[in-house]
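Written below as structure tokens is the structure these notes are about.
The values are calculated or read from the model by the stated rules, or taken from the named source; none is laboratory data. Model, not experiment: these values are computed from the prediction. Here Cβ is always computed from backbone atoms with ideal geometry, including for glycine, and neighbour counts include all displayed protein chains. Surface areas here come from the heavy atoms of the whole protein model, side chains and all, with no ligands, DNA or RNA. Shrake-Rupley method; radii C 1.70, N 1.55, O 1.52, S 1.80 Å.
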Amino acid sequence: MDKLNFVRDGGRKLPPGFRFEPTEEEIVFQYLSRKTFSHPLPALVIPEIDVFSMDPWQLAGDSDSEEDMYFFSNAHGCDNESERVTPSGVWKANGSSKKIINSSKRMPIVGIKKSLVFYMRSSTKIVATNWIMHQYCIALPQQEQNNCLVRIGEWSLCRIFMKKGGRQVEDDDANSYSASSSSPNYDPTIFNENFEQGIGAVALRAYSSSSANKMTVRDAINSALDEEMSADPKVFMMGEEVGEYQGAYKITKGLLDKYGPQRVVDTPITEAGFTGIGVGAAYHGLRPVVEFMTFNFSMQAIDHIINSAAKSNYMSAGQISVPIVFRGPNGAASGVGAQHSQCYAAWFGSCPGLKVLAPYSAEDARGLLKAAIRDPDPVVFLENELLYGESFPVSAETLDSSFCVPIGKAKIEREGKDVTIVAYSKMVGFSLQAADILAKEGINAEVINLRSIRPLDRAAINASVRKTNRLVTVEEGFPQHGVGAEICATVVEDSFEYLDAPVQRIAGADVPTPYAANIERMAFPQACASSFPL
Amino acid sequence: MAQLIRRAAALNKSLPAASFAARGLATASTSSITVETSLPFTGHNIDPPSRSVETSPQELLTFFRDMALMRRMEIAADSLYKAKLIRGFCHLYDGQEAVCVGMEAAINRKDCIITAYRDHCIFLGRGGTLLEAFAELMGRKDGCSKGKGGSMHFYKKEGGFYGGHGIVGAQVPLGCGLAFAQKYSKDESVTFAMYGDGAANQGQLFEALNMAALWDLPAILVCENNHYGMGTAEWRAAKSPAYYKRGDYVPGLKVDGMDALAVKQACKFAKEHALKNGPIILEMDTYRYHGHSMSDPGSTYRTRDEISGVRQERDPIERIRKLVLAHDLATEKELKDTEKEVRKEVDEAIAQAKESPMPDPSELFSNVYAKGLGTESFGADRKEVRTVLP
């Protein structure tokens, strides 16, 4: 296999859709250690840049990506508390450090991670920005010196990103190793502590992922499936790669081991066949959860979803109800092309007899999926691949095994009074970002997370528009006959006198999704401060 | 000789309704008779069952009566359709009665049957009544689907009948799903997924068969080969019209579908096989006298001689009549009387069904969901016709 080389002209040029999401262990032991000892790297994805010679926003170069940036830089500042100065400001360590240990315990070296915040210089003061850096360096415990750590090598690996709403920066002070230090300055004692003493505590911190009140959407769905399968023996899962592969997107991880192959069924690549089998099993009284690897493949089975599932209760006058859930990722991912990027909310949402849900947060995903599995009607559950890895805060109530979110009720994510923005799935996140941007201009937007495409919460939407008098709908799907069209029609029909301006739709572009990154960005709504150049 | 007096209440009795115990027969009605099927079975990857079928006078007389009832029902439906009391599609089963009746004799109500749109007689066999059938055909509220389904959407869940499906071929994966559920629940019962020679070319059938074989599902795929998929003869639609062989790794059996006893034997054999070894295909060689549906005269793609030829040589009711007479189980007159009774039963059911009212307008919005969650639903005029789903 050819070595992957994505570093050109000193910059990183990843192909669209290529995701570089290393764990901290990978950063320290696969990349930084090898770089330090001049061993070959797994992939050439990290350019060498003196990160302190530029301001953080300049580091992106001409890439428009919002992903984390990784650079090999000098180890300036790792040994001492000096500030790292850049042309327009300064990086300041927030005082916490974290030790990263090799889980196989074969390597004696240890990684050290520092968190820094960029402060911009403005006349006489410095102002904190949302730019965060995690600077990793490596150190060796010196046995003859009581195992105190000595930093080695000339490189550090820097991860630089912009803090976004909802994303937690992992090293908050509560997790900090140097708990005694409350000053924001760098604590030099880290190199003098006893190696053994700290190891247990750090090991726990190094390997615990989310704190008790944060959850990724992936974990939310997995836990919901787990709990519902545990509670009702009639619930079973069916789909491609849901079992041994642990799920194409690792959503069903661990379920095969826990429930066995009778209840977590790997199917051949035959959507029409296995969807029909799922619906037939539901006729007989079981409660299948059928996974489509993406909803693009549901088109192969759409006859069974609509004609065999949605319409049966009606045609049989209530004799045959179909308690089935069809779930899977819907809408665009990143760089997967026209055949793998369509949003099906509008198509399924138009069909009587179906319930169609589109979660956004982890709470939505958990609660709506549990409600869907318990519902006696066929439910289409539209997830989003790019949301799977996102973490959201969850309440203790959400984590309870009987937690359900009511189907057919929207959620007001952000209260406002000037304009109503209605969105679902990933676009809720974008809408919240847009609301933040609008707030700086003095516009107070109300953001509604639909949660349920069918039944549509017309009451909530109308109530909101009657308050704000303006409506904007946001969706990823194609504009013609979309979800936004139905929302606009409903508001114009029911709340016409309340509107101060025509209703507005924001939707995906009226084209099959292109592959090239720049025009793919143009094919979907984006949240940004200025209008997008064509 | 005491004849049972037919009263209106008897219309609601389901098949097999006849009781010949009241007849003063010298032979005990459950004594065993062995009959040879007229044609041998042909097997594919399996040893076919024996041609000798165990039956009894009771069973043979029940076969006769049930098939005569079904035949009469379908002919009556023909007249009702021409009188415009039945609308839309109407696919008639006359000629194919032996498949349905022979299958019922081999199975119980825990076993499931699912079929396509030619479902009136199978519905009757699973315990449906004449009143429910005719009322549904005429779109009245006493129909089995309360008038909301129509000819193609008869269901009887408590009798193990899962419809009644309009999309050609869709019922086969659904049937394999029923079998999946039976295996999952450890029911020790099987599913018969019925389809025609036209549907036999559907891709989803092979997808479902693959999974049924992979997972050893107790599914029996029954191809009712009446040799015409709508207007297309089998040799024009299928490169290989040997439908019992199309399962490849799945064994198959070719059966004379006009012989109720052969059908019974094959279904009994298939059920034992499916419970132990997974799916099996049964091809029933049968024939329909009517066209594909009521809008098809049935003579543009086949000759009238062919139709009358089959009726003369292979008619399923005539075969049983000959058997009954040959074994002296009843006289000609008694059989003719049975046919008259059956005709009267059908006529009374139709009269009662005509009295049944059409569904209440509120039924437009009922049963959209099993649990409506109080959502709003709209009619054509959104301002006037709107309701809340319970």
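List of remarks:
- Region B:240-379, Rg to Rh (Cα coordinates; Rh as Kirkwood inverse mean 1/r): 1.11
- Taking every alpha-carbon pair under 8 Å whose residues sit at least 6 apart, chain B reaches a relative contact order of 20 percent.
- Whichever lysines have a C-alpha closer than 20 Å to that of A:Lys99, once near sequence neighbours (fewer than 8 apart) are set aside: A:Lys35, A:Lys113, A:Lys114
- Of A:Lys311/B:Lys156; A:Lys370/A:Lys467; B:Lys148/B:Lys383; B:Lys110/B:Lys183; A:Lys311/B:Lys148; A:Lys311/B:Lys245, those spanning more than 22 Å from alpha-carbon to alpha-carbon: A:Lys370/A:Lys467; B:Lys148/B:Lys383; A:Lys311/B:Lys245
- Of all aspartates and glutamates in the structure, those lying under 15 Å Cα to Cα from B:Lys239, and not within fewer than 8 positions of it along the same chain, are B:Asp197, B:Asp248.
- By a 1.4 Å probe calculation restricted to protein chains, B:Tyr184 has an accessible surface near 40 Å², given to the nearest 10.
- If R0 is 56 Å, the Cβ-Cβ spacing of A:Glu154 and A:Ala459 corresponds to a FRET efficiency of close to 0.30.
- Residues of type aspartates and glutamates that A:Lys258 reaches as a straight line, Cα spacing below 17 Å, ignoring anything fewer than 8 places off in the same chain: A:Asp219, A:Asp226, A:Glu227, A:Glu228, A:Asp232, A:Glu241, A:Glu244, A:Asp266
- To the nearest 10, the accessible area of A:Glu390 is 80 Å² with a 1.4 Å probe.
- Figure note: A:Leu382, A:Leu432 ranked by solvent-accessible area, largest first, 1.4 Å probe, ligands and nucleic acids not counted: A:Leu432, A:Leu382.
- Rounded to the nearest 5, the antiparallel percentage of DSSP beta bridges internal to the protein assembly as shown is 55%.
- Take the Cβ atoms of B:Val388 and B:Ser32, set R0 to 56 Å, and the FRET efficiency comes out at 0.40.
- Only Cα pairs under 8 Å and 6+ residues apart enter the sum, and on that basis the relative contact order of region B:50-194 stands at 23 percent.
- Pair A:Lys163, B:Lys110: separation of 7 Å Cα→Cβ label points (nm): 6.5
- Nearest-10 value in Å² for the accessible area of A:Ile453, using the 1.4 Å probe: 10
- Inter-label distance, nm, simple model (7 Å from Cα along the C-beta direction), A:Ala509/B:Lys322: 7.4
- Label positions at A:Ser401 and A:Gln142, each projected 7 Å from the Cα along the C-beta direction, are separated by 5.4 nm.
- Ordered by 1.4 Å accessible area with all protein chains kept, B:Phe134, B:Phe206 run largest first as B:Phe206, B:Phe134.
- 13 Å tail of the calculated P(r), region B:33-87, as % of Cα pairs: 72
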